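Report on the structure given below.
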Amino acid sequence: MTPTSEFEGVVGSSWRESTPWWPPDPVVPTDAPNVVIVVLDDVGYAQLGCYGSDISTPNIDAVAVGGVQLANFHTTGLCSPTRACVLTGRNHHTNAMGRIADLALGYPGYYGDIPRENGFLPEILAEHGYASIAVGKWHLTPEDETHAAASRASWPCGRGFQRWYGFHGGEVHQFVPTIWQDNTAVDPPRRPEEGYHLSEDLADRAIRYLGEIRTAEPDKPFFAYFATGACHSPHHAPPEWIDRYKGQFDEGWDVWRDKTFTRQKAMGLIAPNTQLTPRPSWVPEFSSLRAEDQAVAARFMECFAGYLSHADAQIGRVLDFIDQLGEADNTIVLVMSDNGASAEGGMKGSINDARIHNGEPAGRRELRARINEIGTESAHNNYPWGWTMAGNTPLRRWKREVHEGGVADPCVIKWPRAISARGEIRHQFTHAIDVLPTILESIGIVAPEKIRDVEQSPIEGTSFSYLFNDANAPGQHTTQYFEMFGSRAIHHDGWKAVTFKPLAHMYDDGLDPEAPFADDVWELYHVAEDFSEVNNLAAAEPERLAAMVELWWREARQHQVLPLDNRPMAALLNPRRPFSDRRRAVFWPGGEVLPEQVGISVYRRNHTITAPISVGDSLPPAGVLLALGTVLGGWSLHLLDGRVRYVSNFLGSNVTVIESDEIVTPGAHTVGFSFSTQGEGGIVTLWLDGKVVGEGSIERVTLFRHSISGAGYTCGWEQGPAVGPGYQAPFRCTAQIQKVIVEVDGPIVHDPKAEFDAIMAEQ
């Protein structure tokens with residue numbers, strides 16, 4: 001509301017002596033274009049068709065054909081930090097997003113909450129009459145702020161978007177996701193058995209929102225931020241999309257990589273003298289695998305390819321709708337990936353990434369036996385390192401690291417009204433922080449000095465609109481630092497100094513993660529001529545290297561990079577809000593999913609569950625009292641055919657069912673459950689009105705976390721896919737639940753650092 005001091009009308013004693021006045025609406029720039037930013041997840045440099053891949057991505061390729069393709073575009077190497085850069089035009093540490101939002105630390109560059117002085121693109125565009133929507137992955141809010149009682153200040157609608165439909169966190173089950181609409185949890189519109197897939201749902205919602213904008217405001221420009229879950233694990237796709245790639249990857253990653261490299265040179269994406277980086281020693285030759293393991297590896301890649309092609313089709317649907325609106329000509333469309341291909345599936349690939357996090361990856365025998373499950377709702381699959389290496393062809397290393405394989409990524413942009421180039425490649429250095437200033441300059445907007453009375457920090461990116469129609473224009477982004485979990489790099493005038501810092505003893509590279517940062521060995525590459533970082537010139541040019549390293553330190557001090565920290569579990573050792581210290585939690589029936597790490601910690605701790613219920617006179621009671629997790633891991637206390645029943649699912653690999661002998665009769669009852677730890681498992685006792693009605697033992701229970709795909713606690717229902725056999729989610733309880741009380745006894749026994757070291761040793 002405009003302050004009274006700014007009122008330009010006349011206020012008299014009555015309406016006869018008064019003149020009304022209204023504050024003016026925001027002034028929309030002349031011929032203001034719509035803006036669509038599509039952010040893909042974990043898609044490597046070589047995985048789109050227009051970057052040399054044989055995976056079908058015709059709709060993204062059409063954006064490249066209709067505009068320009070950036071061959072030298074860079075990100076931070078990880079998702080949350082890159083997305084922060086895109087939406088603010090500031091570096092990730094300036095945004096307090098030095099790592100993913102879930103792993104915030106108590107230092108300015110790592111708080112996990114982007115400061116208000118770093119205004120978001122939709123906040124800026126709103127002042128110029130734009131309507132802004134966000135659809136898909138957010139991952140810019142710390143996990144302890146992603147629940148019903150949390151502030152919404154860092155959620156999309158708190159940072160300038162009028163509407164949001166999507167998910168928090170880094171990854172989500174694509175067939176049964178945890179979904180939010182604006183500031184409220186909602187159920188997906190369909191179940192997996194009804195053909196639901198998140199990518200299709202996101203496209204449906206984006207089209208709906210854009211249609212609603214056009215119905216209400218035919219001339220208002222819009223900004224659509226469309227962030228698919230693809231292609232982060234789990235690599236889920238409708239079966240028919242996976243089947244399209246049957247047999248396509250049977251030759252393996254080494255052959256695929258060579259063929260892709262040849263295509264990249266032929267299309268002019270990379271210079272003719274570019275060298276293919278050598279295969280790392282810790283990535284096996286595909287031909288060295290046994291035939292059945294080759295089949296598993298090929299299946300992993302078929303699922304990834306189907307997932308990517310299916311996502312491309314959904315992106316195409318959104319762009320087709322804009323064409324139907326008659327607005328494609330004046331719409332800026334930018335499609336990018338947030339980091340390089342992911343190595344989080346380990347050497348063999350993963351059928352359940354939560355098992356990787358718990359140091360319990362599936363072995364080769366299990367992967368062979370479950371090959372047909374890969375890509376389905378009972379798997380949280382991620383491909384092996386070999387495909388990661390190939391996905392970043394011709395570059396070195398991968399996601400989370402700052403060699404080019406982690407930070408050089410696809411980016412294509414078209415704007416038919418203003419970009420005359422068609423299908424041209426640009427080789428100037430660009431970075432994710434350049435996206436916002438490019439959009440503003442293209443529209444004709446100057447970055448504001450204030451947003452809602454908050455003084456704004458300087459934009460740190462450089463517009464790359466200069467290269468839209470001039471392939472030979474000198475690059476304008478000349479210096480850029482990189483840092484991720486202690487790995488560092490600096491790009492300056494076509495040169496790059498870089499050092500890799502291991503998180504643990506992950507690979508057979510002889511590096512010590514505990515070594516002082518001062519002992520890290522820096523490499524030097526003339527990336528203007530050696531894009532793939534093959535020829536290390538550190539020994540040949542020590543003075544240049546020293547100057548580059550000193551430049552990195554200056555940039556680091558300026559942008560809140562320090563202190564250096566290569567401990568990914570440090571956030572768990574020193575959490576912002578230690579919810580896990582709770583000794584008692586009360587759950588009320590029918591509420592939304594409570595994130596696992598926000599709720600009470602029962603991992604290998606003695607605990608009890610008490611549920612006062614009331615049973616009617618009709619059919620025997622059935623349904624969930626309290627559950628945590630899904631088919632990928634968790635537990636569920638429920639009633640089935642009138643009996644109290646408990647299911648323990650150890651990371652999707654071992655299911656134990658314990659149930660009572662007695663039927664719960666009509667009337668008021670108290671259902672009880674107790675767990676007593678014993679080694680890696682424990683003893684379960686089921687109670688009904690204080691009487692023992694069932695007992696059993698569980699060999700192993702989860703040490704650290706059941707799910708990493710958005711599942712959590714649910715009371716009175718289950719998110720699904722169902723934790724155990726005999727029922728289908730949501731399995732809503734037919735008995736009336738008063739409340740469910742969980743109480744724990746004893747300390748939290750897990751050691752995050754020891755667990756992480758064990759996980760990396762296993763990988």
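The values are calculated or read from the model by the stated rules, or taken from the named source; none is laboratory data. Just so you know, these numbers come straight off a predicted model, no measurement behind them. Don't worry about glycine lacking a Cβ; one is built from the backbone with ideal geometry, like all the others, and counts go over all protein chains shown.
Screening the stretch 304-422 for helices (runs of 4 or more DSSP H) wholly inside it with 3 or more residues that are over 27 Å from Pro568 (Cβ atoms) and at pLDDT 95 or above returns the ranges 364-369.
Sub-8 Å Cβ pairs linking a first residue in the stretch 83-95 that is within 14 Å of Tyr111 (Cβ to Cβ) to a second residue that is crowded, with 24+ Cβ neighbours inside 10 Å and of a type in the set (Lys, Arg), at least 6 apart or interchain, are Ala84/Arg90, ordered by first then second residue. Annotation note: of Asp61, Asp113, the sole residue that is within 28 Å of Gly268 (Cα to Cα) and among the charged types (D, E, K, R) is Asp61.
Identify, please: which residue in the stretch 172-218 is among the aromatic types (Phe, Trp, Tyr) and out of contact with any Ser or Thr (no Cβ under 9 Å at 6 or more places or on another chain) and is, among those, nearest to Trp241 (Cα to Cα)? Don't jump to the end; show me each part of the working.
Step one: filter the stretch 172-218 for residues among the aromatic types (Phe, Trp, Tyr), giving 175, 180, 196, 209.
Filter once more, keeping what is out of contact with any Ser or Thr (no Cβ under 9 Å at 6 or more places or on another chain): 196, 209.
Numbers: Tyr196: 14, Tyr209: 27 Å.
Ranking the candidates gives Tyr196 first.
For the residues Val498, Val527, the requirement of being part of a strand (DSSP E or B), at pLDDT 95 or above and either of a type in the set (A, V, I, L, M, F, W, C) or exposed (fewer than 15 other Cβ atoms within 10 Å of the Cβ) (or both) singles out Val498.
Checking every residue in the stretch 486-497 against the condition of being touching a Pro at 6+ places or on another chain (Cβ under 8 Å) and not assigned by TED's automatic domain parsing to the domain that holds Thr274 gives zero matches. Test each condition in (1) buried (at least 20 other Cβ atoms within 10 Å of the Cβ); (2) over 26 Å from Ala153 (Cα atoms); (3) in contact with a helix residue (DSSP H, G or I) (Cβ under 7 Å, 6 or more places away or on another chain) for Leu467 and report the one that comes out false. Looking at each condition in turn, Leu467 falls short on (3). The set of residues in the stretch 141-160 that are of a type in the set (A, V, I, L, M, F, W, C), in contact with an Asp or Glu (Cβ under 9 Å, 6 or more places away or on another chain) and outside any helix (DSSP H, G or I) comprises Ala148, Ala150, Ala153, Trp155. The listed residues are Thr215, Thr277, and the only one of them that is surrounded by 18 or more Cβ atoms within 10 Å (Cβ to Cβ) and either more than 25 Å from the chain's Cα centre (by Cα) or farther than 30 Å from Gly423 by Cβ (or both) turns out to be Thr277. Does the stretch 281-300 hold any residues that are in a loop (DSSP other than H, G, I, E, B) and either surrounded by fewer than 18 Cβ atoms within 10 Å (Cβ to Cβ) or touching a strand residue (DSSP E or B) at 6+ places or on another chain (Cβ under 7 Å) (or both), and which are they? Within the stretch 281-300, Ser281, Trp282, Glu285, Arg290 meet the criteria. Listed by position, the strands (runs of 3 or more DSSP E) inside the stretch 687-763 whose residues that are touching an Asp or Glu at 6+ places or on another chain (Cβ under 7 Å), at pLDDT 95 or above and not aromatic (Phe, Trp, Tyr) number at least 2 are 691-698. The set of residues from the stretch 128-159 being modelled with pLDDT under 95 and of a type in the set (D, E, K, R) comprises Glu143, Asp144, Glu145.
Would you mind stating whether Ala556 is part of a helix (DSSP H, G or I), closer than 29 Å to Phe675 by Cα, in contact (Cβ under 8 Å) with a residue 24 or more places away in the chain and of a type in the set (Gly, Ala, Ser)?
On the way: part of a helix (DSSP H, G or I): yes; closer than 29 Å to Phe675 by Cα: no; in contact (Cβ under 8 Å) with a residue 24 or more places away in the chain: yes; of a type in the set (Gly, Ala, Ser): yes.
No: the conditions fail for Ala556.
Applying the condition of being of a type in the set (S, T, N, Q) and part of a strand (DSSP E or B) to the stretch 7-40 and asking which residue is nearest to Pro437 (Cα to Cα) yields Asn34.
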